[in-house]
1. Modelled label-to-label distance, PHE158 and PHE608, 7 Å Cα→beta-carbon offset: nm?
2. What does the extension gain come out to for GLU538 and ALA518, with contour length at 0.36 nm per residue minus their alpha carbon separation?
3. Pairs LYS41/LYS606; LYS28/LYS121; LYS461/LYS606; LYS461/LYS526; LYS160/LYS265: which exceed 31 Å Cα-Cα?
4. Using a basic spin-label model with each label point 7 Å from the Cα along Cα→Cβ, how many nm lie between GLU308 and GLU69?
5. Hey, what did segment 204-331 get for relative contact order, percent, Cα under 8 Å, at least 6 apart?
6. Run the quick spin-label model on SER427 and HIS591: label points 7 Å from Cα toward the beta carbon, then report their separation in nm to one decimal.
Amino acid sequence: MPLRRLPENIVNQIAAGEVVERPASAVKELVENAIDAGATKIDVVMRDGGRSLITVTDNGSGMSAEELELCFERHATSKLPDDDLVFIENLGFRGEAIPSIASVSRMTITTRREGDENAWKLAVEGGRKGALEPGSGVKGTRVEVRDIFFATPARLKFLKTERSEFGAALDVLRRLAMAFPAISFTLADNDRMALRVTGAEGDLFDSRLDRLGAVMGRDFADNAIRIDAERDGVRLTGYAGVPTFNRGNANMQFMFVNGRPVRDKLFTGAVRGAYMDLLARNRHPLLALFLELPPDQVDVNVHPAKAEVRFRDSGGVRGLIVGALRSALAEHGHRAASTISGQALGAFRPHSDPLPFQSQTRPSASWGRWGDSASQTVSPGLYEASAEFQAPFGQQPAPMARHQEETPRQQEQTRSLEQYPLGAARSQLHETYIVAQTATGLVLVDQHAAHERLVMERMKKQLAEKGVARQMLLLPEVVEIDEISANRLAERAEEFAEMGLVLEPFGTGAVVVRETPAMLGECNIKGLIQDLADDLSELDTALSLKDRMDDVCATMACHGSVRAGRRLSIDEMNALLREMEVTPHSGQCNHGRPTYVELQLGDIEKLFGRR
């Protein structure tokens, strides 16, 4: 077959295949055009998931009759005034969106500029342009796309269900709504309004947080940490969720570069690195970050749909993201997610509705085994005395909380609860949980999880400053493990020594431990060595232990922390609380689980019907 030039309609359809993959792609391109036109209100309507109808209406600058005819030509754009593909300040710039969409659908555009006598209207069907004619409408532009992909039936067959296609468009619009909090957006499908956000004015951070809360959920706004950092002319702003506010997937992680929503592997890796020692591997934080940098420092022309970017200094951008996130998370110290307390209160509530409370009467049977009568009068203070006799034969009553008398110093702490966010220790439950009273409620602390984080942070600090202090074992301990694991440990002996653990090979399939980190105290050395060997089997052999310091420190800290089942004095409990208040990341353990739960007095009163 001889070489030939493809017909114009085929060229447009090929371009449409790159730019317009599905109805959501058309929505993205049209809404970005509206944003570039200076719109402050954008309304999107879809029918049948976008198959039969997509309309995008804005109050932007509009177009003249000449511009309306020109916009259907390929590579016609108003967004490159200097023809410079390096210095791009708009969302769109190629001039491919309108002709590409028009080549595979029935498109009609009605537009009007401020001051014009009337609007102008132009229809295109499958790339065939109709006649320009006067129309009616207010200032702005209305784009109507009907029967998308009718001209390319093969692509129409690859579309997913109506709900899936509409969900993809909703995701697109949510991202753009987060990037531009000053613009009002709506999205409707048939008779359902799926998104409605109103443009905000005033402080950028406040309006942005309000918009993020409206799109990502109110819980995110309540558990978000403000990010604001700058380095070498590159600024990073936005909000990141506290580690204990997380999800099982990364769907709620958003990145914007100069207002452009992007999906970038560099961003994903930087977030994972920043939260590395704060979350389990299968948990993901929620965040929305906005990167602002000179246009010539980023290439937005590397993907047909402009979904990816390339940075001139990718290492610097990654370092900025990791550093800003870690710094912000450290500043918030012991803060944990507010949703944890709600989950805890939910666990207290009965599954069935309780009967109304009656003064000095036993609760109904739905609250526990209190006898046959739900209205029998009992004197105050007798519940505890009768608990032993209420228990079934052969079943011991649950142990009561262990309470200790307060010393004068502890009484002084009680009088100054306002100074202590985590309150003053009152008792220990089941030799595992610390109960502390705060000025506004109570705090329940998991002593093992909390101390695990404290030990890890101390170890990291010592390692960064002067090396981890070591203690020599009176009797070196020989640990027998499999030969491969023993060899792995021996190969890293020098690196372990820098972390306070001195070991050496001891025959075949064994190592001898001579010194351990002093802060671990008495620990299960055999369990520690086995866990470290398991960690090494999963680590990249090309990486040094310093590169994976957080993982190794977390394993060591777990073996050196206060265990569940250890009885603590009031002074020891308070010392733990005070250290948590000044230690970064102490709101979650090394695996990302919360170290404490805070319950407000008002919520507790609701449980007992006092509110």
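Just so it is clear, none of the values below were taken in a lab; they were calculated from the coordinates. In this text the structure is predicted, and so the values were computed from the model without any measurement. Backbone-built Cβ (ideal geometry, glycine too); neighbour counts: all protein chains shown.
1. 6.4
2. Working: separation 20, 0.36 × 20 = 7.20 nm, distance 2.65 nm.
Answer, rounded to one decimal: 4.5 nm.
3. Values: LYS41/LYS606 43 Å; LYS28/LYS121 22 Å; LYS461/LYS606 43 Å; LYS461/LYS526 25 Å; LYS160/LYS265 26 Å.
LYS41/LYS606; LYS461/LYS606, as the Cα separations exceed 31 Å there.
4. Output for this residue pair reads 4.0 nm.
5. On the way: 205 pairs, mean separation 37.0, N = 128.
Here the relative contact order equals 29 percent.
6. Label at SER427, label at HIS591, 2.8 nm between them.
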